[in-house]
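So the structure is just underneath, and the comments pick up after that.
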Amino acid sequence: MTLDAAWAVDWVRRSAATVAEHRDELVELDRQIGDGDHGENLDRGFRAVVAKLDGLDAPPASVGDVLRLVATTLMSTVGGAAGPLYGTAYLRASKSGTATELGPDGVVALLEAALDGIVTRGRAGAGEKTMVDAWTPAVAAAVDAADHGAPPSAVLAAAARGAHDGAESTVPLVATKGRASYLGERSAGHLDPGARSSELILVAAAEAAAAAD
Amino acid sequence: MTDRWAPVALVLVSHSRALAEGAVEVAAQMAPGVRLVAAGGTDDGGLGTSFDRVDAALRDATADGRSAVVVADLGSAVLTAESVLELMDEDVAARVRLADAPFVEGAVAAAVTAHGKADLATVLDSAQAAAGTFGPARPLRDGSSAPVAASGPAGEAPAATAPVTAPDGSVRATAVLRNPLGLHARPAALIVRMLAHLDAKVQVNGMNAASVLDLMKLGAVKDDVLTISAQGPQAAEAVARLVADVEAGFGEV
């Protein structure tokens with residue numbers, strides 16, 4: 001069972017829906033330790049992506065094409081650090097493989113490329129209270145699942161659980177990166193908004209894969 | 001093109017349109033003729049950074065073959081600038097450098113250096129050196145204060161002394177600031193630009209007179225005595241011209 005462009009389109013639509021649904025939550029998380037616009041920014045960005053998808057003459061031919069469209073749209077429409085960070089994540093992911101369909105290894109490569117993009121662009125390591133703290137355990141869980149022979153949908157489900165645990169793990173951390181780092185100790189006790197939105201997006205990927213099964 | 005054409009332009013990226021435009025204004029006052037492009041705020045005029053706006057600003061700055069140094073305010077402005085560069089044509093991106101510098105101070109230092117027709121690496125260095133003009137982080141509540149301005153001996157009339165040549169060949173003089181605002185941004189820039197053409201290393205109250213920010217850090221005000229020292233083939237001329245400019249009040253009296 002492989003994941004194709006139709007899965008990727010469904011992933012994007014589900015991402016847009018969940019980001020819209022959780023917009024206020026993301027705004028509130030960002031208000032506590034940032035400048036309060038993460039929810040709005042992402043919602044605006046994903047609405048723009050969906051609008052572009054709706055406006056295409058023909059459905060995208062490959063997963064890579066979908067991811068590249070997401071990358072360039074988010075980069076241009078999402079303000080704050082999330083635009084360049086998610087933009088680079090999707091851009092690297094779009095180049096992670098040439099196959100039009102993804103098996104378990106292709107999914108792992110996609111996730112690893114996304115994390116690599118985030119780390120390269122943002123220069124955050126683990127434990128700095130950022131989206132990296134969601135993506136790192138997500139990728140680790142995906143690698144582990146694929147190593148044990150899981151199909152793509154199970155690999156993504158593992159990644160989603162890893163992202164959830166990773167996001168929760170940011171609560172006690174003191175931010176040493178990004179706008180929250182200006183708050184120092186005051187940032188502890190709050191869940192990082194970028195980690196939470198990463199979890200939501202990976203859950204959307206898993207749900208799209210489960211629906212395709 | 002006039003013969004003041006500066007080969008390096010600056011792009012100032014900020015979360016705020018007003019801040020970017022304000023920084024351009026301040027830098028332009030000290031470096032007339034340098035191409036300065038503001039790229040601040042989102043496309044709808046709100047706070048944030050816009051990929052498209054930064055992209056357009058970079059193309060604008062590097063049109064006709066100029067190079068550019070980008071100075072950005074907070075972290076995500078840097079990320080946006082990096083993303084723009086990553087997706088830009090290689091031959092343009094090769095002419096652009098992203099400075100790791102404080103926003104206003106880096107912009108001002110880079111603009112003044114660019115005004116001297118310096119090359120890309122030199123302009124970048126001066127932006128990045130701007131961070132060094134701040135002292136080491138001070139502990140809180142230790143009662144410390146800002147750098148003390150140089151002033152003449154208490155109770156005595158401020159005095160100027162004529163240039164003398166020391167045994168080591170350096171030329172020294174003192175001069176008294178006459179203009180109401182003292183050694184603020186404009187005179188600091190005039191000094192740097194005047195000295196740029198002379199073959200001499202000059203210090204004012206121990207600070208490097210080739211650095212706008214170092215001169216401003218003195219916080220020297222009207223009636224302060226400036227101790228000028230110069231070394232090099234044109235040391236005497238440098239001292240004489242600097243003394244003359246100080247005594248003329250930089251045209252502000």
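Throughout, read-outs are computed from the coordinates displayed, never taken from laboratory work. Note that the structure is predicted; figures quoted are calculated from it, not measured. Glycine also receives a Cβ, built like all others from the backbone with ideal geometry; neighbour counts cover every protein chain displayed.
Compactness of the stretch A:103-206 was expressed as the Cα radius of gyration divided by 2.2 N^0.38 Å, which yields 1.06. Radius of gyration (Cα atoms) of the protein assembly as shown, expressed as a multiple of 2.2 N^0.38 Å: 1.21. Counting only other chain Cβ atoms within 10 Å of each residue's Cβ, the peptide A:80-91 averages 5. Only helices enter the 222 nm calculation for chain B: every DSSP H run of n ≥ 4 contributes -39,500 (n - 2.57), and dividing by all residues gives -11500 deg cm²/dmol, rounded to 500. Residues of the stretch B:228-253 falling in the label zone of B:ALA162, defined by backbone nitrogen less than 19 Å from a point 7 Å along Cα to beta-carbon, are B:228-230, B:235-248. For A:GLU128, neighbours were defined as the other residues whose beta-carbon sits under 11 Å from its Cβ, and their charges (Lys and Arg +1, Asp and Glu -1) total +1.
Taking the centroid of alpha carbons for each part, the stretch A:63-139 and the stretch B:180-253 are 52 Å apart. Using the empirical formula 2.2 N^0.38 Å as the baseline, the Cα radius of gyration of the stretch A:5-212 reaches a ratio of 0.94.
Dividing the summed helix terms, -39500 (n - 2.57) for each DSSP H run of n ≥ 4, by the number of residues in chain A produces a 222 nm estimate of -23000 deg cm²/dmol to the nearest 500. Here each label is just a point 7 Å from Cα along the line to Cβ, and for B:GLU90 and B:ALA56 those points are 2.9 nm apart.
Using the Cβ of A:TYR90 as centre and a radius below 14 Å, the other residues enclosed give a net charge of +1, where K and R count +1 and D and E count -1. Against the main long axis of the alpha-carbon atoms of chain A, helix A:5-21 sits at an angle near 30°. Computed extension gain for B:ALA248 through B:ASP44, at 0.36 nm per residue and net of the alpha carbon distance, reaches 68.7 nm. With the highest mean first, a sort of the peptides B:87-95, B:105-113 on other beta-carbon atoms found within 10 angstrom per residue produces B:105-113, B:87-95.
Entry note, chain B: relative contact order of 17 percent, from Cα contacts under 8 Å with a spacing of 6+ residues. When you filter the GluC sites (Glu not before Pro) in the stretch B:190-253 for DSSP loop state and at most 15 other Cβ atoms inside 10 Å of their Cβ, you are left with B:GLU252.
Computed from the C-beta positions of B:LYS222 and A:TYR182 and an R0 of 25 Å, the FRET efficiency is 0.10 to the nearest 0.05. About its Cα centre, the protein assembly as shown has a charge dipole of approximately 1380 debye under the convention of +1 per Lys or Arg Cβ and -1 per Asp or Glu Cβ, with nothing else charged.
Amide H contacts of B:LEU226 (H built 1.01 Å from N, in plane; Pro and chain starts excluded): B:ALA175, B:VAL176, B:LEU177 sit under 5 Å, all sequence-distant by 5 or more or on other chains. By other beta-carbon atoms within 10 Å, ranking B:ARG66, B:ARG53 with the fewest at the front produces B:ARG66, B:ARG53.
Proximity of backbone amide H atoms, modeled 1.01 Å from N, is registered between B:GLY40 and B:SER14 at under 5 Å, excluding neighbours fewer than 5 places apart on the same chain. DSSP beta bridges confined to the protein assembly as shown are antiparallel in about 50 percent of cases. Among the listed pairs B:LYS201/B:LYS222; A:LYS52/A:LYS177; A:LYS52/A:LYS95; A:LYS95/A:LYS129; B:LYS117/B:LYS217; A:LYS177/B:LYS117, a Cα-Cα separation exceeding 29 Å is found for A:LYS52/A:LYS177; A:LYS177/B:LYS117.
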